[in-house]
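The values are calculated or read from the model by the stated rules, or taken from the named source; none is laboratory data. Please read these numbers as outputs of a predicted model, since none were measured by experiment. Methodologically, a virtual Cβ is constructed for each residue, glycine included, from the backbone with ideal geometry; neighbour enumeration extends over all protein chains shown. Heavy atoms of the whole protein, side chains included, go into the accessibility calculation; ligands, DNA and RNA do not. Shrake-Rupley method; radii C 1.70, N 1.55, O 1.52, S 1.80 Å.
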Amino acid sequence: MEQAHIHLDEFARLKSLFHQFDPRVKIVCCLILLVIVVSLRTLAGLLFALLFTSLMIFGSHLPLGRILKRLGFVVPMLVALCLFLPFARPGTPVFKVPLGLFTLTYSWDGLQASAIFFLRLLCGALIVILVTFTTPFHVLLRSLADLQVPLIFIQLIQFTLRYFFVLYDEVIRMFRARRARNFKPARNFWCGRTFSTLGGLLGLLFIRSYERGERVYHAMLARGFQGEIRVLEQFQVYPRDLLLGMSLIVLGVLSLIIDRGGWGWAHFLR
Amino acid sequence: MGALLEVEDLYFRYHDGTPALNGISLSIDRGEKVAILGPNGAGKSTLLLHFNGIYLAQQGKVRVAGEEITRDNETRLREKVGMVFQDPDDQVFSPTVWDDVAFGPLNQGLDRKEIEERVFQALQAVDMWDLRSRAPHHLSHLSYGQKKRVAIAGVIAMNPEVIVLDEPTAFLDPAGQESLMEILAELYQRGKTIIIATHDVDMAAEWADKVIILKGGKILAQGDTMLLVQDTLVKDAGLRFPVVSQVFQRIPSLVVRPLPRTVDEAANAIATLLPDRKEKDNHRIVS
Ligand SMILES: Nc1ncnc2c1ncn2[C@@H]1O[C@H](COP(=O)(O)OP(=O)(O)OP(=O)(O)O)[C@@H](O)[C@H]1O
Ligand SMILES: [Mg+2]
């Protein structure tokens with residue numbers, strides 16, 4: 001915990017097609033893509049979507065190891081889905097678990113449903129990663145403002161993130177101070193002392209971060225912050241951005257056509 | 001020409017009812033080096049926050065270059081008065097050092113070339129140009145002193161006329177304090193007016209043209225550094241004499257008036273007290 005550090009724009013300044021993509025067009029197109037991807041219903045459509053989102057990730061020169069790590073959160077999700085959903089869905093049974101009074105059926109349809117759900121999640125995550133990893137954070141915020149997202153939402157995001165770091169440092173300091181006085185954290189979470197210490201810690205954290213939050217805000221005001229996010233980069237939409245954007249949407253539409261059985265795909269697979 | 005910064009009968013009470021400032025009046029001229037001293041809770045930080053309109057006067061007036069700070073002109077006047085906060089973690093937040101220093105100039109609406117130039121100059125001035133692509137916000141990336149210098153650069157880059165620093169030497173190691181003093185000297189050379197709040201009596205004695213002593217939200221005294229060796233005043237304000245002055249005070253037979261306050265003054269005083277030959281002998285013994 002001590003050494004862990006979070007670096008926001010770690011990969012945002014690499015060079016690739018997606019890094020140079022105008023952020024506003026990128027956001028809009030990827031948003032459309034996201035909506036399409038999560039509305040896909042068949043394995044065929046989703047596999048196609050997975051194919052092109054993965055290709056996009058490859059094309060963006062992002063380090064794959066880090067992306068896989070970032071995707072780690074979907075694994076427990078996958079396990080949970082495969083474990084429980086097939087029991088809940090009626091359909092062709094794969095196997096049955098007799099439990100005396102009733103029998104649990106692990107259904108083929110349920111398994112398929114979990115796969116679809118999982119793929120949606122995966123594709124969605126990949127698209128979000130693509131956008132957030134290839135765009136510096138302040139540029140992202142600026143673009144959202146350009147896209148008429150209300151300033152209040154943008155500031156909310158901005159300050160949440162800003163204060164997240166503040167909070168994170170505060171927590172580390174507080175734990176360090178406690179450890180220095182020989183507090184042994186959480187051998188057993190439900191042990192009364194751990195619990196009350198944790199409660200006290202949370203309260204203190206809240207007060208401290210409130211005070212610090214105010215000072216941080218003052219410091220921003222002192223340097224002329226007026227609520228507006230200004231960036232050095234000049235954005236301009238070039239034909240190449242539109243072209244790239246169009247091709248993303250075409251890919252999305254293609255996956256939708258495949259999904260809805262256009263061109264006899266469905267028959268082909270059956 | 002009027003004073004650069006004027007405070008007139010200023011009162012301020014925090015929303016929880018704490019009366020932090022109780023009738024402060026002072027004026028600071030262009031090119032002055034001012035040290036504000038006083039015990040914890042005297043109201044130093046609160047007063048500084050009034051200098052660039054973070055807090056607006058609840059009663060009384062604060063004027064910058066003859067103009068009273070109000071809601072309408074606070075942004076413009078903030079460009080004249082730069083503020084370096086006590087804890088650099090409160091101030092420094094962008095993904096890289098470079099971006100952080102550019103934050104102020106960006107808010108000023110300068111063009112790209114000008115911003116790049118300003119950031120370069122400011123980072124050079126605090127000797128942080130080589131670390132410009134580091135991430136400043138986290139414990140492990142920059143040392144405290146380095147963060148402090150980034151915070152100062154962030155203010156220098158806005159090119160204000162007045163630079164206000166809240167406890168700039170706190171938590172700095174001796175080398176860090178030394179380099180801070182060099183930065184301040186450099187800024188002074190460039191004609192900036194510098195105001196610091198500090199507990200460091202020795203530093204104030206060495207550095208300041210003018211000291212303002214605060215207690216309980218009131219000004220106990222203001223004047224030159226002679227104030228720092230006034231017995232009752234110093235005791236009242238919870239301060240102490242500068243170390244060099246203490247040395248002279250300890251030896252009653254050594255009547256030097258006024259009491260030396262800086263190392264140079266002390267050295268001179270000692271030199272005049274020593275008969276010529278003895279001084280040479282001393283040197284021989286030492287070396
Ligand atoms: N945000 C706040 N809310 C309420 N009271 C405050 C707040 N900040 C400061 N005070 C109170 O106002 C008074 C003046 O505080 P201030 O921070 O200006 O003192 P200071 O001279 O800077 O002290 P220090 O040397 O400890 O930094 C103190 O009594 C303090 O408790
Ligand atoms: Mg203070």
Of the residues B:99, B:87, B:16, only one is within 11 Å of ligand 1 (Cβ to nearest atom), in contact with a helix residue (DSSP H, G or I) (Cβ under 8 Å, 6 or more places away or on another chain) and open to solvent by 10 Å² or more (accessible area, probe 1.4 Å); which? B:87
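Please find, among B:54, B:24, the residue that is closer than 26 Å to residue B:216 by Cβ, within 16 Å of ligand 2 (Cβ to nearest atom) and assigned to a loop (DSSP other than H, G, I, E, B).
Values: B:24 fails: assigned to a loop (DSSP other than H, G, I, E, B).
Being closer than 26 Å to residue B:216 by Cβ, within 16 Å of ligand 2 (Cβ to nearest atom) and assigned to a loop (DSSP other than H, G, I, E, B) holds for just one of B:54, B:24, which is B:54.
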Are any of the residues in segment B:165-177 open to solvent by 10 Å² or more (accessible area, probe 1.4 Å), in contact (Cβ under 8 Å) with a residue 40 or more places away in the chain, away from ligand 1 (no atom under 16 Å from the Cβ) and of a type in the set (A, V, I, L, M)? no
Name the one entry in B:219, B:195 that is aliphatic (A, V, I, L, M) and either within 26 Å of residue B:76 (Cβ to Cβ) or within 14 Å of chain A (Cβ to nearest Cβ) (or both). B:195
Is it the case, given these coordinates, that residue B:223 is at pLDDT below 95 and farther than 25 Å from residue B:259 by Cα? no
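Tell me yes or no: at least one residue of segment B:123-130 is within 14 Å of chain A (Cβ to nearest Cβ), open to solvent by 30 Å² or more (accessible area, probe 1.4 Å) and more than 15 Å from the chain's Cα centre (by Cα).
Here is the first cut: in segment B:123-130, the residues within 14 Å of chain A (Cβ to nearest Cβ) are none.
Checked segment B:123-130: no residue is within 14 Å of chain A (Cβ to nearest Cβ), open to solvent by 30 Å² or more (accessible area, probe 1.4 Å) and more than 15 Å from the chain's Cα centre (by Cα).
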Report those strands (runs of 3 or more DSSP E) wholly inside segment B:110-223 carrying at least 1 residues which are within 30 Å of residue A:233 (Cα to Cα) and within 16 Å of ligand 2 (Cβ to nearest atom). none
Are there any pairs, at least 6 apart or on different chains, whose C-beta atoms fall under 6 Å, with the first in segment A:216-235 and open to solvent by less than 50 Å² (accessible area, probe 1.4 Å) and the second among the basic types (Lys, Arg), and if so, which? A:224/B:78; A:229/A:142; A:231/A:142; A:232/B:112
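Restricting attention to segment A:101-111, which residues are open to solvent by less than 80 Å² (accessible area, probe 1.4 Å) and either in contact with a His (Cβ under 6 Å, 6 or more places away or on another chain) or not β-branched (Val, Ile, Thr) (or both)? Spell out how you get there, then give the answer.
Filtering segment A:101-111 for residues open to solvent by less than 80 Å² (accessible area, probe 1.4 Å) gives A:103-107, A:109-111.
Within segment A:101-111, A:104, A:106, A:107, A:109, A:110, A:111 meet the criteria.
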Can you name the number of the only condition in (1) free of Cβ contacts under 8 Å to residues at least 12 places away in the same chain; (2) under 26 Å from residue B:99 (Cβ atoms); (3) away from chain A (no Cβ under 14 Å) that residue B:141 fails? (3)
